[in-house]
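These notes concern the structure reproduced below.
The values are calculated or read from the model by the stated rules, or taken from the named source; none is laboratory data. Keep in mind the model is a prediction, meaning the values are calculated, not measured. Cβ placement follows ideal geometry from the backbone for every residue including glycine, while neighbour counts extend to all protein chains displayed. Just so you know, the surface numbers come from the protein's heavy atoms only, side chains and all, with ligands and any DNA or RNA stripped out. Shrake-Rupley method; radii C 1.70, N 1.55, O 1.52, S 1.80 Å.
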Amino acid sequence: MEQPRTPGQARAGQGRAGGRSGREERIDTISERRAAPAAAPPEADGLPQPRRSLAVIAISLSIAMTVLDSSMLNVALPGIARDLGITPATATWLLNAYQLTVVTTLLPLASLGESLGFRRVFLTGFLLFAGAALGAATAGSFEALLGFRILQGLGAAAVMSLTAGMIRHTYPAKDLGKALGINAMVVAVSGASAPSLAAAILAVAPWPVLFAVNVPVSLVGIAIGLRALPNHPGTRRRFDWTSAGLNVATLGLFFFGLDLLLHETLPALGLMAAAGLAGTVLVKRQLSRPAPLLPVDLLRIRIIALSVLAAISAFGAWYASYVSLPFLLHGEGFSQVMTGLVMTPWPLGMAVSAPLAGKLSDRVPSWVLGGIGMAVLGGALAVISLVPLAGMGWALGGLMWLCGAGFGCFTTPNNRTMLGAAPKTRAGSAGGMQATARLLGTTLGTTVVGICFQVAGEDGPRVALFCAIGFALLAGLLSCSRRGA
């Protein structure tokens, strides 16, 4: 009876049966391993130092320039209107055209970045922004200045839409919250310092210098970015120009209609109906695509959808309160200078809390931080809206600081959730969705303030503040509903 053989004996027998020794088999195996292509190493989780720090500098400079450019121009609008011989209402189109260009092109440029590579589109947009700033500084007419502002908006949209994707590929996943906190701090500090910086420049130079200062700083950021930013290769899929056009039509017509709503109701409703039609066609076109320009695939992920809705509500709360508070303070007897001083702690609170909340969000569930942040914002706004403000002084400044701190506690963890829940290959679209949610929220907030002012008259600022409290509570509830998602 044949004895059962061990696996080693069986392999040896198979080798002998084929006329080959075990030693020959081992030699062949080693040769095959050497001849086979080496397995691709896993994708690096973030950039190594010091390249990571240099990339952060480039990203931070791009963010600072786009925030400062828009915020500083507010201060210069009266002077621009006077020098170019235009009305103040016409001058505001230098802001509106920039903002409208940004909001309508964010998602298409995010999709283009995923296709061609984040760094290529990001740096091209940064260069376009700098070149258009130089053009704006030398423009001799309103029409030329408006054209360069539209080009600046296009460049800024490329930067804004891909910032989150660049951060996702720059930092390791465990530090994503910390990275987004630094990003939020740069935004807050830039926004807070913009009026003072603009006033300092205008005290010694004409308004074109506000555009010219963007150029050298942007070129430094581009030079650093060429060396340090992560080289995301892109998917090389074809860019969907039809969907990009539908996206521009949907958002452009909607915001044009929204702007007209309080003045010319019927034309406004017609524009918004056309926007709805274009949006319907856009959504139907995107549903069957594996990587759609309009990120319906990401919105199917429950935690991302809730985070987007929470972001829209939170930014609505921020802008509804931030726009109405100066009017409320003026009604309580505060001068313009005192109003500015009292509101300064708001962005400072954001600058402190955003990076701390970002760091905490790497260890604490973001729904907890988001819920706490919106509760703090809503509570502070409730106190401001219900008590007499005259003579409060430092206490009112403290409440403003709490408002900013609460918002910063929400926004960084919420952004981390949106970005972290998306596949890394879709980081560009996730970042574009973040920026779009922010702009939708800010537009919602300012529109609500306009409606409150028109409907409630003198009580409009206080009514708008109550609406802001409602937005904050809704954002907190949406944030908490992500528990277990």
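Observations, loosely collected:
- Bins of 20 Å from zero: percent of alpha-carbon pairs in the chain: 22, 53, 16, 6, 3, 0
- Crossing angle, helix 241-260 versus the chain [Cα axis fit, 0-90 degrees, rounded to tens]: 20
- Angle of helix 22-35 to the longest C-alpha principal axis of the chain, folded into 0 to 90 degrees and rounded to 10: 30°.
- For the range 170-240 and the range 53-77, distance of Cα centres in Å: 5
- Positive-pole candidate from CYS452, LEU134, VAL281, dipole of the chain, charges at beta carbon: VAL281
- Point-charge dipole on Cβ atoms (K/R +1, D/E -1) for the range 66-186, about Cα centre, debye to 20: 340
- Probe 1.4 Å, accessible area per residue of the chain, Å²: 46
- In the chain, the DSSP-assigned H stretches of four residues or longer account for a calculated mean residue ellipticity at 222 nm of -27500 deg cm²/dmol, using -39500 (n - 2.57) per stretch and the full residue count as denominator.
- Rounded to the nearest 20 debye, the dipole magnitude of the chain is 2200 debye, with +1 charges on Lys and Arg beta carbons, -1 on Asp and Glu beta carbons, and the Cα centre as origin.
- Counting only alpha carbon atoms, the long axis of helix 118-138 and the longest principal axis of the chain meet at about 30°.
- Surface composition of the chain: carbon and sulfur atoms hold 67% of the protein heavy-atom accessible area at a 1.4 Å probe.
- Solvent-accessible surface ranking, highest first, for LEU107, LEU356 at 1.4 angstrom: LEU356, LEU107
- Excluding same-chain neighbours fewer than eight residues apart, the lysines reachable from LYS178 by a Cα-Cα span under 27 Å are LYS359, LYS424.
- Here the translational diffusion coefficient of the range 204-355 follows from Stokes-Einstein with Rh set to the Kirkwood radius across Cα pairs; for 10 °C and 1.306 mPa s it amounts to 77 µm²/s.
- Average silhouette area of the range 100-145, convex hull of alpha-carbon atoms, in square nanometres: 3.6
- Spatial separation of Cα centroids for the range 108-139 and the range 419-480, in angstrom: 27
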